[in-house]
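Since the structure comes first, as structure tokens, the remarks are kept for the end.
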Amino acid sequence: MELELRHCWQLKDHPADGPEPALFMLLEGVAASGSLRQAALAAGLSYRHAWGLVGRWSAALGQPLLHLQRGRGANLAPLGEKLLEMEARARSRLAPQLAALTREASQSLAELAPARRRPLRIEASNDLAMEGLRRLAAKGPPLILQFRGSLESLGAFAAGRCDLAGFHVPEPEIAMPLAPQFRPALRDADVRLIRVVDRIQGIMLRSADARRIRKLQDLARPGISFVNRQRGSGTRLLLDLLLSSAGMSPQSIAGYDYEEFTHAAVAATVASGMADAGFGVKAAAVHARLSFIPVAREHYFLACRKSLLRSENGQALLRLLGGRDFHHLVAGLPGYGASASGKVGDVAANLPWL
């Protein structure tokens with residue numbers, strides 16, 4: 001079992017009380033659908049429960065969270081918009097710190113475990129399928145998973161600080177300029193690559209912006225604000241390659257230097273209205289009820305040493321990746337595919353451009 005740290009909001013004068021996670025799900029749902037009933041359905045709540053939850057917190061905070069009109073649905077009141085914006089900021093800004101503390105706690109507990117139950121240490125680029133793999137690991141090998149950028153994860157692998165490194169690369173015709181950055185960590189003859197998923201990356205935007213933003217070049221139009229992934233992440237590397245190929249300067253995009261650390265944080269930033277567009281995986285956009293413009297297809301790999309594949313934990317990981325539960329999980333992620341998950345090959349066979 002793995003510990004996880006999460007943030008929560010509390011009322012200052014009533015520290016035992018605070019807005020429930022379901023409240024933010026309802027606010028996000030209303031912002032996307034314009035209906036409290038639809039938001040309740042998406043959150044898995046009864047309409048009566050949703051109505052009571054919104055009413056209770058409107059009263060506690062002294063202002064309405066929603067404007068409800070018979071026959072006209074619902075929309076966020078100013079307080080609801082502000083609360084949703086603060087939650088999006090909290091998620092994105094606290095995620096790296098909470099993940100680091102979670103990792104420290106997991107490693108401390110792992111040191112107390114018997115040797116045969118020592119977990120696999122994975123540093124990996126942020127990915128929704130990898131998040132699901134961590135949950136499924138309760139049925140398989142114990143894992144300590146820390147999300148970092150692709151290059152940082154590969155650097156940790158090359159330095160021996162983790163057992164596996166998760167990274168992603170686009171199709172060869174796009175990826176070739178990345179070779180000098182990826183080659184140092186993958187040059188050893190005993191490195192093997194495990195296929196995890198294929199996925200689609202592209203532009204996330206609200207439906208209202210679909211007429212203003214239709215292609216990558218539109219991100220540089222006046223009045224368009226953007227939210228980016230952090231420097232060193234595979235998604236940032238991909239975006240930079242695409243911009244270069246299109247003859248675009250990164251500085252022509254307002255918000256290029258505004259960074260978030262996960263796909264979900266980028267989607268939340270766009271959904272909250274703090275940015276007009278972001279770049280990330282389709283599944284995160286769909287989850288946040290955003291429109292999506294597909295741009296590039298990618299392959300996600302786990303790099304490891306040959307010796308790990310012969311270990312009990314390594315074999316369990318391969319069974320997990322190739323198993324029914326993982327394939328079912330990936331099938332629920334729009335823009336993802338798992339047809340080759342769990343297959344192992346050398347670097348030359350998987351990344352001939354490298």
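To keep it simple, each residue is scored yes or no on (1) under 21 Å from R297 (Cα atoms); (2) not aliphatic (A, V, I, L, M).
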| position | (1), (2) |
| --- | --- |
| R212 | no, yes |
| L216 | yes, no |
| A220 | no, no |
| G223 | no, yes |
| Q230 | yes, yes |
| L237 | yes, no |
| L242 | yes, no |
| G247 | yes, yes |
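Taken as a whole, the structure places L320 among residues that are part of a helix (DSSP H, G or I) and not acidic (D, E). Every condition in (1) in contact with a helix residue (DSSP H, G or I) (Cβ under 8 Å, 6 or more places away or on another chain); (2) open to solvent by 50 Å² or more (accessible area, probe 1.4 Å) is met by D257 except one, and the failing one is (1). When residues in the range 141-168 are screened for being within 18 Å of A338 (Cα to Cα) and either among the aromatic types (F, W, Y) or surrounded by fewer than 21 Cβ atoms within 10 Å (Cβ to Cβ) (or both), 1 of them pass.
Name the residue, out of L11, L61, that is aliphatic (A, V, I, L, M) and at pLDDT 85 or above. So the residue among L11, L61 that is aliphatic (A, V, I, L, M) and at pLDDT 85 or above is L61. Contact map, the range 247-273: first residue under 20 Å from R93 (Cβ atoms), second residue assigned to a helix (DSSP H, G or I) and of a type in the set (K, R), Cβ cut-off under 7 Å, separation 6 or more or different chains; pairs are A265/R91; A268/R91. Within the range 324-347, does at least one residue satisfy the condition of being open to solvent by 40 Å² or more (accessible area, probe 1.4 Å), assigned to a loop (DSSP other than H, G, I, E, B) and without any contact (Cβ under 8 Å) to a residue 12 or more places away in the chain? For the range 324-347, residues open to solvent by 40 Å² or more (accessible area, probe 1.4 Å), assigned to a loop (DSSP other than H, G, I, E, B) and without any contact (Cβ under 8 Å) to a residue 12 or more places away in the chain: present. Can you give me the number of residues within the range 186-221 that are part of a helix (DSSP H, G or I) and either buried (at least 20 other Cβ atoms within 10 Å of the Cβ) or among the hydrophobic types (A, V, I, L, M, F, W, C) (or both)? Residues meeting the conditions: 5. Residues that are farther than 30 Å from R206 by Cβ, touching a residue at least 40 places away in the same chain (Cβ under 8 Å) and open to solvent by 30 Å² or more (accessible area, probe 1.4 Å) within the range 282-323 comprise R305, K306, S307, E312, L318, R319, listed in sequence order. Against the test of being under 29 Å from L205 (Cβ atoms) and of a type in the set (G, A, S), the options A59, A39 yield a single qualifying residue, A39.
The conditions of being buried (at least 16 other Cβ atoms within 10 Å of the Cβ), among the charged types (D, E, K, R) and farther than 16 Å from G149 by Cβ are not met by D240.
Restricting to the range 23-68, name every residue that is of a type in the set (D, E, K, R) and open to solvent by less than 10 Å² (accessible area, probe 1.4 Å). Scanning the range 23-68 gives no hits. Take S233 and tell me if it is touching a residue at least 24 places away in the same chain (Cβ under 8 Å), open to solvent by 10 Å² or more (accessible area, probe 1.4 Å) and not hydrophobic (A, V, I, L, M, F, W, C). So S233 fails the test.
Looking only at residues in the range 64-85 that are among the charged types (D, E, K, R) and over 18 Å from W9 (Cβ atoms), the one that is modelled with the lowest pLDDT is R70. Any residue at all in the range 169-177 that is over 18 Å from L354 (Cβ atoms) and surrounded by fewer than 18 Cβ atoms within 10 Å (Cβ to Cβ)? Among the residues of the range 169-177, not one is over 18 Å from L354 (Cβ atoms) and surrounded by fewer than 18 Cβ atoms within 10 Å (Cβ to Cβ), which makes the answer no.
The values are calculated or read from the model by the stated rules, or taken from the named source; none is laboratory data. The model shown is predicted, which means the values in this text are computed figures rather than measured ones. Here the Cβ is made from the backbone with ideal geometry for all residues, glycine too, and neighbour counts use every protein chain on show. The protein model used for the area step is the full one, side chains on, heavy atoms only, and it has no ligands, DNA or RNA in it. Shrake-Rupley method; radii C 1.70, N 1.55, O 1.52, S 1.80 Å.
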